[in-house]
1. Given (1) modelled with pLDDT of 60 or more; (2) exposed (fewer than 14 other Cβ atoms within 10 Å of the Cβ), where does ASP9 come up short, assuming only one miss?
2. From the set of residues in region 187-221 that are aromatic (Phe, Trp, Tyr) and at pLDDT below 90, which is nearest to the chain's Cα centre (by Cα)?
3. Which one of these is in a helix (DSSP H, G or I), modelled with pLDDT under 85, hydrophobic (A, V, I, L, M, F, W, C) and touching a strand residue (DSSP E or B) at 6+ places or on another chain (Cβ under 7 Å): ALA31, ALA26?
4. Looking only at residues that are over 20 Å from PRO208 (Cα atoms) and among the hydroxyl-bearing types (Ser, Thr, Tyr) in region 64-84, which one is surrounded by the fewest Cβ atoms within 10 Å (Cβ to Cβ)?
5. Taking the condition surrounded by fewer than 20 Cβ atoms within 10 Å (Cβ to Cβ), at positive phi, not hydrophobic (A, V, I, L, M, F, W, C) and not in a strand (DSSP E or B), does GLY96 pass?
6. Would you point out the residue of region 113-131, among those that are in a loop (DSSP other than H, G, I, E, B) and in contact (Cβ under 8 Å) with a residue 60 or more places away in the chain, that is nearest to VAL51 (Cα to Cα)?
7. Contact list please: Cβ distance under 6 Å, first residue in region 81-107 and under 17 Å from ALA64 (Cβ atoms) and of a type in the set (Val, Ile, Thr), second residue at pLDDT 85 or above and assigned to a loop (DSSP other than H, G, I, E, B), pairs at least six apart or on different chains.
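The values are calculated or read from the model by the stated rules, or taken from the named source; none is laboratory data. Worth saying up front: this structure is predicted, and the values here are computed from it rather than measured. In this analysis, Cβ positions are derived from the backbone assuming ideal geometry, glycine residues included, and neighbour counts consider all displayed protein chains.
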Amino acid sequence: MGRTLPEVDRRNNLHGQEHWQGGITAGLLLALVLLTAWSSPTLAQEQGVAVHLIDMAQDSELSATAASLADGWYDASVNSRVSGYELADGTPVSFGDWYHSDWPDTRVDLLTQFGDDFGLLWGFSTGERGEKYTVDPSLRIGFVAQAHPAANSVLSLTVRAVAWGNLNEQPCEGDYGEIGGVQTVNCRLAATFLAPEETLQYLAHAEPNRLHISLSYSASF
């Protein structure tokens, strides 16, 4: 399992939990408001509006990044990866328990169509939470527009932006006994030779791709 650590406090970061819960609430409320407004029969009839579900998936890159943290780190001295350690009392600690979620980040994308050549792209992701990390919920908004520069041809522009949705790893509180006392430490690196404060710079942080722009042209003959 690797080297030993006197004791590790595995309590969740309450501030991170509140932020995560607030973000998902805001995202779901916005999605509900948009869906209610654009699915109104009266508005749809007047504006020629149609709402389409275009994608729903659990393929988040940040989910995969979080899961990879369970692989631990490479220890050259023993030529193997360290994916856990033992506490001073012999209790095994596996990184796999920390970087796992029963509900992976789920993405929902919808299209509100205005006529044949323009549509509003909008959606959200639910985020996910493990014991030692969070992937915040995100909001996704953009548009798709088409033009017809020639007969039987289509020029299409798609723009989508993503707000929030960051991955953040949370630290542990390590009790290093009478010599070191209680210190904040990177959970995965708590049993390495690094000083606790040095391990904090290796806490994982990642952001989703914030902007997607796609331009395509097709023609039929």
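1. (1)
2. To start, the set of residues in region 187-221 that are aromatic (Phe, Trp, Tyr) comprises 193, 202, 217, 221.
Filter again for at pLDDT below 90, leaving 193, 221.
Numbers: PHE193: 30, PHE221: 43 Å.
Applying the filter and picking the extreme gives PHE193.
3. On the way: ALA26 fails: touching a strand residue (DSSP E or B) at 6+ places or on another chain (Cβ under 7 Å).
Result: ALA31 is the single residue among ALA31, ALA26 that is in a helix (DSSP H, G or I), modelled with pLDDT under 85, hydrophobic (A, V, I, L, M, F, W, C) and touching a strand residue (DSSP E or B) at 6+ places or on another chain (Cβ under 7 Å).
4. SER77
5. Values: surrounded by fewer than 20 Cβ atoms within 10 Å (Cβ to Cβ): yes; at positive phi: no; not hydrophobic (A, V, I, L, M, F, W, C): yes; not in a strand (DSSP E or B): yes.
Here the answer is no, as GLY96 does not meet what is asked.
6. As a first pass, look at region 113-131 and keep what is in a loop (DSSP other than H, G, I, E, B): 115-117, 126-127, 131.
Checking which are in contact (Cβ under 8 Å) with a residue 60 or more places away in the chain leaves us with 115, 126-127, 131.
Details: GLY115: 11, THR126: 20, GLY127: 23, GLU131: 37 Å.
Step by step, filter region 113-131, then rank; the result is GLY115.
7. Close Cβ pairs satisfying both conditions: THR106/GLN58; THR106/THR126.
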